[in-house]
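A.B. asks: Next up is a structure, given as structure tokens.
The values are calculated or read from the model by the stated rules, or taken from the named source; none is laboratory data. This one's a predicted model, so the numbers in the text were calculated from it and none came from an experiment. Here Cβ is always computed from backbone atoms with ideal geometry, including for glycine, and neighbour counts include all displayed protein chains. For the accessible areas, the whole protein counts, side chains as well, though only heavy atoms, and no ligand, DNA or RNA atoms are used. Shrake-Rupley method; radii C 1.70, N 1.55, O 1.52, S 1.80 Å.
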Amino acid sequence: MTTPFHRVLIANRGEIAVRVQRACRELGLETVQVYSEADRDSMAVRMADRSVCIGPPRASDSYLRADMVISAALSQGAGAIHPGYGFLSENAAFARQCGEAGVTFIGPSHEVISMMGDKAMARRMAEEAGVPTTPGSKGTLASAALAQAAADAIGYPVILKAAAGGGGRGMRVVKHAQELPLHFEQASREAKAAFGDGSMYVEKYLTRIRHVEIQVLSDGETVLHLGERDCSVQRRNQKLMEESPSPALDETVRAEIGEAAVRLCRHVGYTSAGTIECILDPASGQFYFMEMNTRVQVEHPVTELVTGVDIVKEQIRIAQGNKLSLRQADIQMRGHAIECRINAEDPQANFAPCPGLIEELHFPGGPGVRVDSHIYSGYRVPPNYDSLLAKIITWGVDRHEATARMRRALQELRVGGVQTTAAFHERLLQTEQFRRGDIHTRFVEDDMMEPR
Ligand code: MV4
């Protein structure tokens, strides 16, 4: 039974805080924006009905302070908290503490967050749900010797993964058997230091792969998939550009991967919005479960543009106890969408972060162009957080038109005062590989970057 709420606390910052503000406004909900001292002048604070400073700039002293966030919700009469992405969004303890404080956590149950946050357990759930997984160990490996035996059985190269890791953290590729024991000990030690848990599992390492992920929405009874996103344009495990639909999927695989995602959600009792990340072997067209993200993702707008579904509003409506009004037959992907992440980074300086004052700002517009951003002319980009300034998302009737619109939008963009990744995207869109839709996850690092 969910308690009705009319005020939502947004426990995040930047563009996603603005995005959630907008969804709340459209649903007639009031907003409470928490902020650190570095975000006092942020757009999200200006948009909110109420705002509360929860600490100094460092995230561990502000946006990660579960106690401060929950007490802000209670003191401001917010009946629900939206965590956005990053920060506390996949912190099962925080989700549980929200419930214990009588505040609705806008996301899955803390039990499901915990289950899918254990990447070895998530993999097991996928296997039980009949979702293809890469050949790998049954669960975590208690010693280097057991890891060696599992890897020998799988065949090299293998990839060691931390059960408490994810998103590329706590992973290590092992090419030869003799290297495994050392890599296992080092990776487990690093995972213990980084995540408090050194448990490791092993998978067959697939090379030249694509990253394809499926957006899901569930109210606990109806489980919908909203099609896939291709996130293969990455650099050091950081997504730079995403698109939907994937140029690498045909209708058969598209249906299979969507049905697999729904099966997994049903199997674990998933609710709210979520994303199932897969790796796709373009050669065979076979996809394999990688991990599940129990939060809204940065790249959700490309799905919104091709399906017409407002994912954040649906998430909030589900948290209010509403049942989904949509059925799978209502979800039609139309056209093509591309998102470019405009980061305050200098591609000519190895993508080094470039915080500073936005002296001039002009965003693109016109047909098929959406900009999700929190910056404004005169805004000072703080050095304390991720470098995302804006997401430019374009929609076209097909990939060609979406690409042409993105090129035009990037040419219209003006950001004075800080270096951005816009010029990198302009170059990327002109490569033959992108135009052919033939991108793998190592393309940027292996094929595109000029040798330094
Ligand atoms: C893999 C893989 C190849 N083979 N697993 C990266 C982040 C995390 N989601 C898991 N990742 C990978 N897992 C097997 N068995 C390659 C990666 C990988 C990757 C995957 C998708 C997109 C970008 C990536 C960059 C580096 C490694």
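A.B. asks: Which whole-number value in Å² is the accessible area per residue of the range 210-448, probe 1.4 Å?
C.D. replies: That works out to 36 Å² for each residue.
A.B. asks: Using mean Cβ contacts within 10 Å as the protection proxy, how do 417-426, 79-88 order, highest first?
C.D. replies: Going from most to least packed, we get 79-88, 417-426.
A.B. asks: Local charge sum around ALA352 (other residues, Cβ-Cβ under 10 Å, Lys/Arg +1, Asp/Glu -1)?
C.D. replies: -2
A.B. asks: Tell me, what is the per residue accessible area of the range 135-204 in Å², probe radius 1.4 Å?
C.D. replies: Roughly 48 Å² per residue, with all protein chains present.
A.B. asks: Suppose every Lys and Arg Cβ carries +1 and every Asp and Glu Cβ carries -1, with no other charges. What dipole size does the range 135-204 come out with about its Cα centre, to the nearest 20 debye?
C.D. replies: Once rounded to the nearest 20, the dipole reads 140 debye.
A.B. asks: Something else about it: Can you grab the distance from the C-alpha centre of the range 121-154 to the C-alpha centre of the range 349-409, Å, no decimals?
C.D. replies: 40
A.B. asks: If each DSSP helix of 4+ residues adds -39,500 (n - 2.57) and the sum is divided by the residues in the chain, what number results at 222 nm, nearest 500 deg cm²/dmol?
C.D. replies: Rounded to the nearest 500, the figure is -9500 deg cm²/dmol.
A.B. asks: Once you list every other residue whose beta carbon is under 14 Å from the beta carbon of MET200, what net charge do they have if Lys and Arg are +1 and Asp and Glu are -1?
C.D. replies: Once positives and negatives cancel, what remains is +3.
A.B. asks: Applying a 10 Å radius around every beta-carbon, put 162-170, 271-279 in order of their mean neighbour count, most first.
C.D. replies: Order by mean packing, descending: 271-279, 162-170.
A.B. asks: What's the ranking of 126-132, 243-249 by average number of surrounding C-beta atoms within 10 Å, highest first?
C.D. replies: Put in order of decreasing packing, that is 243-249, 126-132.
A.B. asks: Percent of accessible area on the chain owned by carbon and sulfur, 1.4 Å probe?
C.D. replies: The nonpolar share, carbon plus sulfur, comes to 49 percent.
A.B. asks: Can you work out the FRET efficiency for the pair ARG380 and ALA177, with r the C-beta to C-beta distance and R0 = 56 Å, to the nearest 0.05?
C.D. replies: Computed FRET efficiency for ARG380 and ALA177 comes out at 0.60.
A.B. asks: How large is the accessible surface per residue of the range 7-106, computed with a 1.4 Å probe and reported in Å² as a whole number?
C.D. replies: For the range 7-106, the solvent-accessible area averages 35 Å² per residue.
A.B. asks: Can you tell me, using C-alpha contacts under 8 Å and at least 6 residues apart, the relative contact order of the chain as a whole percent?
C.D. replies: Relative contact order of the chain: 14 percent.
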